[in-house]
Structures are given as C-alpha cells and as structure tokens.
Amino acid sequence: MLLTLLWTLPAAADTVFLVDSPFDQGMVLQPTRIYDLDPATGALTLKADLGATYTAILGLAAASGTELYGIGSDNSAETPCFACVLLHIVLDPASTTPVSLTRIGPLRHQGDLVIAFTQLTFRGNGDLYGVSEETDALYLIDPETADMTEIGPLTVDLGSGCTMTPLDVTGGDLAFDALDRLWLWNNTQGQKGLWEVNPANGCAIQRTSCPGSRNMSGLTVADHTSPSPEFRAPSPNDERLYRVLSNACPSNNESTSLLMRLNGMAFNHDRGDTDSPFCVSDPACDDTDACTADHCSPGGCVYDPVSCDDGDACTDDACDPATGCQHTPHACDDGNACTDDVCDPAVGCQTTPISCDDGNACTDDACDPLTGCQNTPHACDDGSACTADSCDPVVGCQATPISCEDGNACTDDACDPLTGCQRTPIFCDDGNACTANVCDPDSGCTFPPAAGTCDDGIACTENDACDGGTCSGTPVVLFEVPSLSVIRELQGNTRLEWTPPPGSDLTYDLVSGPIAELGGPDVIPTATCLGNGLGLSTYDLRADPLVGEGFYYLVRAENACGRGSYGQASGGQTRRPTNDCP
C-alpha cells in the first residue's frame with residue numbers, strides 16, 4: 001500500500017543518478033560510486049566505481065544518461081582542497097568501469113580557487129550552475145575549463161526584493177524545473193527548507209521553511225516537463241528518498257518516502273548528490289521527424305534542422321518529415337525558346353542565347369521566344385527598276401544593272417529607277433535648214449544636203465538660198481533717196497522733204513553746202529550736217545544764201561544694215577562729205 005500511495009502521485013523522473021562518497025575509514029579514503037536510483041522503488045544499481053582519487057564528490061550534474069559532471073576533492077599533497085575540482089565522467093552502460101574520468105581543473109573565480117561545492121545542476125539552456133558552502137555564492141561554471149563567473153552572493157528576498165541578509169548554505173542541492181525556475185534545498189538550521197533562487201542575481205525566496213525536516217544530500221526534478229515542480233531528495237539521516245513539494249515540507253519517515261536499497265539490502269548513504277538529466281540519450285530525443293537532427297544536450301533534447309544542401313546548385317533541396325532530404329533536379333527552362341538552358345553544379349542555371357544563323361546569306365535569321373529560330377527568305381528588292389535583284393547564299397543580295405539597249409540607233413536608251421527602261425526617239429535636227437534630218441536605225445542620224453530657200457538668220461542679207469548644204473544670202477544694199485524737194489513756205493522757212501528708197505527701219509542723214517561745190521570732185525569739203533537720224537522731212541534754219549549763191553542738199557538712208565550713199569558725182573564717183581554726219 002505504501003508504494004501504491006506514493007506512485008499515484010505525478011510520475012517521477014525516469015533516470016536519477018546518485019553519487020555516494022563514504023566517510024574515511026581509519027584515515028583511508030573510500031571509493032566513490034555512482035548509482036542509478038529508481039525513484040519508484042528506491043532501488044539502487046551500481047553504474048560506476050570511480051575509485052577514491054577524488055573522494056569526496058559532493059556535486060553531481062547529469063548531461064545525459066551516460067555523461068555526468070561532478071565536483072570532487074583534490075587529495076594530492078601538492079594542492080589539497082575539498083570539493084573543488086570539476087570532473088567529467090562518461091559511463092559505460094555495459095560496465096561499472098567508466099569510459100573516462102577526466103579532471104577538467106580546479107574551480108576558480110577570477111583566478112582564485114573556490115572550494116566546498118555541494119550543489120550542482122544544468123539549466124535548460126545547457127549552462128552549468130553551482131553553489132559553494134564556503135562563499136555562499138551562486139556561480140556559472142564553464143564545463144570546458146572550470147573557470148567560473150560569480151552571479152552573486154545568495155541573499156534572502158523577503159518578498160519585496162533582495163536584502164543584505166545572506167543565505168548561509170549547508171549541503172543540499174540545486175535543480176531547475178520545467179518553467180526554468182531554480183530551486184535550492186538548504187540544510188542550515190534557521191534557514192532549512194526549499195528556496196526559489198533568481199538565477200540572474202542569486203536573490204532567494206524561501207518557499208517552505210522546514211526546521212524539523214531531515215537533511216537532504218540532493219534535489220532532483222521528478223518531471224522535467226511538468227509546470228508543477230515535484231522533487232526527489234535522498235537523506236543521509238535515514239537513507240530514505242523523500243518527495244519534496246514547493247509548498248509543503250517533507251515529513252520525517254512519511255509514508256510516501258522510500259528506503260533506498262542496494263541488492264535488496266538497506267543502503268548506507270553518508271554524503272553525495274543526486275541529479276536527473278533533461279534527456280538520457282540521442283535516441284530518446286527522436287521526434288520521428290527526418291528533417292531534424294535530434295540529440296541530447298545538458299539542457300535537454302535539441303532538434304537542429306537538418307541541412308539538405310547537397311552542394312549541387314542543380315538540385316532543389318527540401319526535406320520531407322517522413323523521408324528526409326529530397327534532392328529534385330532543378331528545372332532550368334526559362335521558357336524562352338531562344339536560349340539553351342543548362343545547369344552547372346557549381347553556379348546553377350546557365351542561360352545561353354542560341355545562334356539562329358543558318359549560314360545562308362539569303363535568309364533573315366531571328367529568334368522568337370515562343371517558337372525559336374525563324375529563317376525568313378531575304379527580300380533583295382532594292383527598289384530600283386534599273387537592277388536585276390537576286391541573292392547568293394554566300395554573299396547575299398546582288399543588284400545587277402539591267403541593259404536598256406534596244407539596238408536602235410534612233411533611240412536614246414536610258415533607265416528610270418522608278419519605271420525602268422525609257423527609249424526616247426532621237427531628234428536629228430542639226431540646226432541647218434539646208435540639210436535633210438534623217439535617222440537610220442543602224443547608223444543613226446545623217447544630214448544630206450537639201451535645196452530651196454532658207455533663212456541664214458542674218459537680217460542684213462537677202463535672197464537667202466541653200467547651196468551645197470549651206471544657207472547664205474546677198475548683203476542688203478541701201479538705195480539712193482530717189483527724190484528730194486526744197487519748199488519755201490509762206491512763213492519764210494525752208495522745209496526739205498524726200499522720198500524714201502526701199503528698205504525698212506530707215507533713218508536719214510542730211511548734209512548741205514554751197515552749191516558751187518557740186519561740180520567738183522566726189523569729196524565735198526565744205527558740206528555741213530544739217531541732221532542725222534531724221535525722218536522724211538526737216539527744216540533748214542540757216543540764213544538764206546547770198547544773191548547769186550545757193551545751197552545744195554544731199555540725203556542718204558541708213559539702218560542696222562548700213563548706210564546708203566549721198567548720190568554720185570557727174571563722173572560717177574560717190575559723193576563723200578568731209579564733214580559727214582556722225
């Protein structure tokens with residue numbers, strides 16, 4: 001019935017380790033041993049015999065079901081100290097001889113040795129905490145070097161904050177619960193009981209004051225997952241395993257305590273410690289998720305994400321909780337038909353433009369992202385009707401000028417880029433009215449002589465005619481003025497009138513001189529110009545001649561073709577005045 005009453009309470013921790021260090025016998029150190037303590041029955045099973053080198057070992061912290069840390073004594077003659085050396089213990093599940101017992105080093109704070117560690121435990125984050133009876137301080141311990149950081153001296157918190165009252169620690173132990181609260185059992189009279197300690201500063205509140213309770217050598221969390229702390233604590237006073245609650249003191253010899261037994265016999269426990277690991281082994285941490293690497297750490301199970309990166313940039317790496325890493329070949333298709341998509345394991349997808357050049361200069365080569373290469377026949381029309389356009393696969397478009405020659409010498413053959421060949425009849429006019437303009441398709445233009453009248457284009461010729469293909473005329477000769485009249489008007493004026501000779505655009509020059517000169521030679525030295533460029537009449541404004549004398553008058557015609565004559569002397573000579581009209 002006792003057992004039935006006890007274990008209907010919340011389940012105890014699965015694995016509880018007890019380190020037992022007997023007192024010396026006749027100045028001979030006794031071997032320290034580690035036991036597996038069954039919290040359901042109190043039965044002990046020997047797990048390791050550590051020998052007497054580090055007796056006494058008063059602090060124990062379990063990192064797993066096989067890896068432990070302890071604080072033992074250095075009994076060497078050089079540096080003896082009590083409960084001052086951090087030890088690393090690896091158990092052999094198949095033997096009571098440990099796989100290893102490693103001395104990490106003496107516990108030092110700022111280089112100073114600290115002794116009398118009776119309390120040791122791991123936190124859920126894997127940090128290792130300990131308390132020294134000598135300094136009554138809480139420390140953070142480096143499990144690799146045994147160097148320590150003092151969190152602070154243990155002081156009493158009366159519920160409204162830390163005080164200057166120190167917490168005097170004797171024996172007992174430390175333990176963290178599932179809510180990361182730090183608990184301490186203290187055996188010091190006047191301060192005996194269960195304390196809740198702030199792990200950041202060492203300030204402690206007493207949760208149960210138990211002046212009449214047994215002393216406890218250890219404190220172990222019964223269930224690392226329960227938010228309601230329930231502890232197991234062995235007492236060296238009566239070798240029993242007690243249930244300790246946060247709100248009630250354990251009763252001496254209470255019905256729920258268990259007598260610790262080894263091989264069925266009562267066990268004599270003098271001093272030591274207990275601890276229960278957050279987890280016992282890596283397999284025990286298996287969460288059946290293939291995407292986590294599960295292992296047991298001092299602070300409990302750790303589930304690290306598995307890295308599925310296979311180092312191959314050509315695979316898509318993922319993890320399936322049921323089957324683990326999946327490495328799916330990466331699809332490098334960029335959806336563009338104009339690229340070659342390949343994968344390089346070092347750098348991943350490589351997209352290289354493809355070449356659509358078909359080697360044919362007569363195609364326009366292009367690429368459509370949807371359909372790929374397009375090789376369209378090249379249009380070689382240069383837009384000129386004067387070339388024959390073709391394409392050579394090697395060199396491309398060829399534009400050859402076309403020939404518009406029709407073999408007819410009587411056409412001018414040319415090419416218009418817009419309309420093509422143009423054949424214009426040749427006009428064989430040589431500009432000579434005395435030649436015939438003839439075109440022979442074989443020989444071209446010929447100009448044989450022609451007869452008939454023509455115009456030589458000279459205004460001062462007349463009677464133009466063709467002779468041997470040449471047009472010529474005779475020079476125009478101005479005739480003498482046929483008649484001239486001298487008229488004495490009633491007013492006394494002398495007016496001269498004359499009859500025009502044949503010709504056009506005629507003007508007249510009038511000269512006059514003494515009549516006596518007319519019988520002389522053809523040169524009339526005293527002739528006077530009375531006017532030039534005259535019409536068919538004019539006046540002589542000179543005074544009348546003397547009696548017996550008279551004036552003669554001579555008129556000549558002129559135009560652009562020349563001048564006529566003033567007439568002829570009796571001897572047939574053309575009269576020429578010395579002082580002629582200009």
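In the chain, a dipole from Cβ-located charges (positive for Lys and Arg, negative for Asp and Glu) runs towards its positive end, and of Val221, Ala43, Ser160 it is Ser160 whose Cα lies farthest in that direction.
Residue-wise HN-Hα couplings along the range 210-221, as the Karplus relation 6.51 cos²θ - 1.76 cosθ + 1.60 with θ = phi - 60° gives them from phi, are 10, x, x, 7, 5, 5, 10, 9, x, 8, 10, 5 Hz; Gly and Pro carry x. Considering helices alone, the calculated mean residue ellipticity of the chain at 222 nm is 0 deg cm²/dmol, with DSSP H runs of length four and up weighted by -39500 (n - 2.57) and normalised per residue.
In the chain, taking the dipole from charged Cβ atoms about the Cα centre, the farthest positive-side position among Ile524, Thr79, Ala459 is held by Thr79.
Computed over neighbours whose Cβ is under 13 Å from that of Pro525, the net charge equals -1, Lys and Arg +1, Asp and Glu -1. In this Cβ point-charge picture (+1 for Lys and Arg, -1 for Asp and Glu), the range 235-370 has a dipole of about 1920 debye about its Cα centre. Pairs of Cα atoms nearer than 8 Å and 6+ residues apart set the relative contact order; for the range 161-271 it is 19 percent.
Across the range 57-70, computed HN-Hα scalar couplings (Karplus, 6.51 cos²θ - 1.76 cosθ + 1.60, θ = phi - 60°) run 9, 10, x, 9, 9, 9, 7, 6, x, 10, 10, 10, 10, x Hz from first to last residue, x flagging Gly and Pro. Amide hydrogen proximity for Ala459: with H placed 1.01 Å from N in the peptide plane, no residue at 5 or more positions away or on another chain lies under 5 Å. Taking all C-alpha pairs of the range 266-377, those more than 19 Å from each other amount to 69 percent. Protection proxy ranking for 231-242, 176-187, using the average of other Cβ atoms within 10 Å per residue and placing the highest first: 231-242, 176-187.
Under 5 Å between amide hydrogens, built in the peptide plane, is the criterion, and for Cys373 it picks out Asp368 among residues at least 5 positions away or on other chains. Exposure check, 1.4 Å probe, all protein chains in place: Ile458 carries approximately 90 Å² of accessible surface.
Under 5 Å between amide hydrogens, built in the peptide plane, is the criterion, and for Ile524 it picks out Arg576, Thr578 among residues at least 5 positions away or on other chains.
Heavy atoms of the protein chains alone define the surface here; on that basis the range 469-582 has 56 Å² accessible area per residue at 1.4 Å probe size.
Note down the relative contact order for the chain as a percent, whole number, built from C-alpha pairs under 8 angstrom at least six residues apart. Provide the component values of the computation, followed by the final result.
Numbers: 1464 pairs, mean separation 42.9, N = 582.
With pairs under 8 Å counted, the relative contact order is 7 percent.
Note that the range 414-421 has calculated 3J(HN,Hα) couplings of 9, 10, 9, x, 8, 10, x, 5 Hz, one per residue in order, obtained from phi through the Karplus relation 6.51 cos²θ - 1.76 cosθ + 1.60 (θ = phi - 60°); glycine and proline are x. Heavy atoms only, probe 1.4 Å: what % of the accessible area of the chain goes to carbon and sulfur, would you let me know? Percent of accessible area from carbon and sulfur atoms in the chain: 53. Taking every protein chain into account, the accessible area of the range 49-179 amounts to 39 square angstrom per residue (probe 1.4 Å). Suppose every K and R has +1 on its Cβ and every D and E has -1 on its Cβ; what is the size of the dipole of the chain about the Cα centre, in Debye to the nearest 20? Here the chain has a charge dipole of around 2760 debye. Ranked from largest to smallest solvent-accessible area, with a 1.4 Å probe on the protein heavy atoms, Asp368, Asp20, Asp357, Asp147 come out as Asp357, Asp147, Asp368, Asp20. Rounded to the nearest 20 debye, the dipole magnitude of the range 331-422 is 80 debye, with +1 charges on Lys and Arg beta carbons, -1 on Asp and Glu beta carbons, and the Cα centre as origin.
Can you give me the accessible area per residue for the range 318-409, using a 1.4 Å probe, in Å²? Let's see the in-between values first.
On the way: 5850 Å² over 92 residues.
Ligands and nucleic acids excluded, the figure is 64 Å² per residue.
Here's the picture: charge each Lys and Arg Cβ at +1 and each Asp and Glu Cβ at -1 in the chain, and of Leu506, Pro234, Thr32 the one pushed furthest to the positive end of that dipole is Pro234.
The values are calculated or read from the model by the stated rules, or taken from the named source; none is laboratory data. This structure is a prediction, so every number in the text was calculated from the model and none was measured. Positions of Cβ are generated from backbone atoms using ideal geometry, with glycine treated the same way; all protein chains shown enter the neighbour counts. Surface accessibility is based on the protein's heavy atoms, side chains included, excluding ligands, DNA and RNA. Shrake-Rupley method; radii C 1.70, N 1.55, O 1.52, S 1.80 Å.
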